[in-house]
Amino acid sequence: MFKSAYLNDLMDRVIKRNANEPEFHQAVREVLESLEPVLEKHPEYVESGVVERLVEPERIIKFRVPWVNDEGKVVINRGFRIQFNSAIGPYKGGLRFHPSVYEGIIKFLGFEQTFKNSLTGLPIGGGKGGSDFDPHGKSDAEVMRFCQSFMTELYKYIGKDEDVPAGDIGVGGREIGYLYGQYKRITGLYEGVLTGKGLTYGGSLARKEATGFGLCYFTDAMLKDAGQSFKGKRVVISGSGNVAIYANQKATELGGKVIAMSDSNGFVVDEDGIDLNAVKLIKEVRRGRIKEYVETHPKAVYTEGCSGIWNVKCDIALPCATQNEINEASAKALVANGVTAVAEGANMPSTPEAVAVFKAAKVLFAPAKASNAGGVATSALEMTQNSERLSWTFEEVDAKLKTIMENIYMNASKTAKEYGLDGDLVAGANIAGFLKVADAMYAQGLV
Ligand code: NDP
Ligand code: 2IT
């Protein structure tokens, strides 16, 4: 329940209009809660329909993706691209290939992306896409045929100044390569229409590392502000994909000891510190399972089931797998074990109940929109390099990423203070992200 009748009514309409899409309702409710004090100060955003327009995507594209598997059987998947908001730049956001993908997941991700992209300070609007295709266990040839079919439809709606997709769960360098090849073949254009590209064909150095590194730069800034640091801290990271791997690398460089990682089957604990090269070999090279880690590290322990990772005693938790992976019980277990900071690498990994537990226990809490914005920020830097037809060094991109993450922390923290909500980075990030988009929408009139 909101104090404002307007927000109660708007939330009811969002639920009716987007029936059976609980993740989208969850994401919208959290933002509207943060905006309540802002709208009291700025009635013009209500009167001009800015808030109502923000919760309605500009465009939803939904399409059939037919392809043939290695047995010669026809398979039909469903593809999506939701172009959520273009007030401050071309639509920008990843593609997710995972069997759980449906319209509600892409909508929640596109909605959050709009605020996240605003926080980066760079000119990018919000969008997201994907498919219920599952790349696990598929051959390279199958993944290629799927990607080619997906792009044969998607190319009509994207372009370097229009909509620029990238990776997300299940979409990494291999998939981006196949998608880019097909876009170029159909359109004849060699342009920065995708980010996360390979380094030989327009990709940016440090993009692969950017989300995980950025998460740790943000966390480090938050810890420093509280007189703490990564040094000597026990760190637990869920997932073992792109974000988790490079979060591990940077957390370790900053002096932390990562003792646990997971995948959707289970988690591994290594009290000596997770050997990241072994994880990279299993996940990036062999596309294997995290349980294979114990084959080469007999002192490590593997446990089936992924939520058990939150019972592992740690100082810093970095959820980097998927939405709603930390529920109330997991949050209570973390707090009981003395966690001092939780920073979200995944999108919306903590349920609202979990966030309330962290807040009540005064745990430093970094919300995804702010703390995982380093990936998309570096994608925007890739777009800049593509436009000027130059490539920057790793150090140059990494230094820019670090500055961007520190600025996002300062902006979220300062905005929270301005609204009398000192330390509430959820509210700070939502409000700061909103204000730039709302201002641009207001200035551009009713479109
Ligand atoms: P990857 O596909 O590289 O890795 C995902 C990891 O999370 C894998 O270990 C996977 O395990 C695990 N996982 C995925 N779905 C589930 C699930 N339903 N339950 C349990 N574990 C699961 O994806 P990314 O690392 O790119 O993305 C991870 C998160 O970070 C997502 O929330 C994404 O939206 C977010 N993110 C990604 C960015 C990027 O630049 N890539 C930028 C900002 C946010 P398994 O292999 O078993 O499926
Ligand atoms: O959630 C995200 O910010 C991403 N998956 C990255 C998007 C991008 O365009 O780099």
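Number of residues in segment 356-399 that are within 16 Å of ligand 2 (Cβ to nearest atom) and among the small types (Gly, Ala, Ser): the value is 11.
Note on segment 134-178: among residues that are of a type in the set (A, V, I, L, M, F, W, C) and away from ligand 2 (no atom under 15 Å from the Cβ), the one that is surrounded by the fewest Cβ atoms within 10 Å (Cβ to Cβ) is 141.
Looking only at residues of segment 229-248 that are of a type in the set (Gly, Ala, Ser) and touching a helix residue (DSSP H, G or I) at 6+ places or on another chain (Cβ under 9 Å), we find that the one that is surrounded by the fewest Cβ atoms within 10 Å (Cβ to Cβ) is 229. In segment 73-118, the residue that is nearest to residue 428 (Cα to Cα) out of those that are assigned to a strand (DSSP E or B) and within 11 Å of ligand 1 (Cβ to nearest atom) is 93. Filtered by the rule that a residue be in contact with a Ser or Thr (Cβ under 8 Å, 6 or more places away or on another chain) and either touching a residue at least 40 places away in the same chain (Cβ under 8 Å) or within 16 Å of ligand 2 (Cβ to nearest atom) (or both), segment 306-316 gives 306, 309, 310, 315, 316.
Answer with yes or no whether residue 353 is within 16 Å of ligand 2 (Cβ to nearest atom) and touching a residue at least 24 places away in the same chain (Cβ under 8 Å). Taking the combined requirement at face value, the residue does not satisfy it. When restricted to residues that are charged (D, E, K, R) and either in contact with a Lys or Arg (Cβ under 9 Å, 6 or more places away or on another chain) or outside any helix (DSSP H, G or I) (or both), segment 41-69 contains 6.
Have a look at 92, 116, 138, 128 and point out the one that is over 22 Å from residue 161 (Cβ atoms) and basic (Lys, Arg).
None of the other options fit; the residue is 138.
Residue check: is residue 131 within 23 Å of residue 34 (Cα to Cα) and open to solvent by less than 40 Å² (accessible area, probe 1.4 Å)? So residue 131 does not fit the description; no.
Within segment 298-337, the residues that satisfy the criterion of being open to solvent by less than 40 Å² (accessible area, probe 1.4 Å) and not hydrophobic (A, V, I, L, M, F, W, C) are 305, 308, 319, 323, 325, 330. Any residue that is among the hydroxyl-bearing types (Ser, Thr, Tyr), under 22 Å from the mean Cα position of the chain (by Cα) and open to solvent by 10 Å² or more (accessible area, probe 1.4 Å) - is there at least one of those in segment 186-209? No, every residue in segment 186-209 fails to be among the hydroxyl-bearing types (Ser, Thr, Tyr), under 22 Å from the mean Cα position of the chain (by Cα) and open to solvent by 10 Å² or more (accessible area, probe 1.4 Å). The condition of being at pLDDT 95 or above, within 23 Å of the chain's Cα centre (by Cα), open to solvent by 10 Å² or more (accessible area, probe 1.4 Å) and more than 22 Å from residue 378 (Cβ to Cβ) holds for residue 265.
The values are calculated or read from the model by the stated rules, or taken from the named source; none is laboratory data. Quick caveat: nothing in here was measured; it's all calculated off a predicted structure. Every residue, glycine among them, receives a Cβ derived from its backbone with ideal geometry; neighbour counts consider all protein chains shown. The area values use the complete protein model at the heavy-atom level, side chains included, leaving out ligands, DNA and RNA. Shrake-Rupley method; radii C 1.70, N 1.55, O 1.52, S 1.80 Å.
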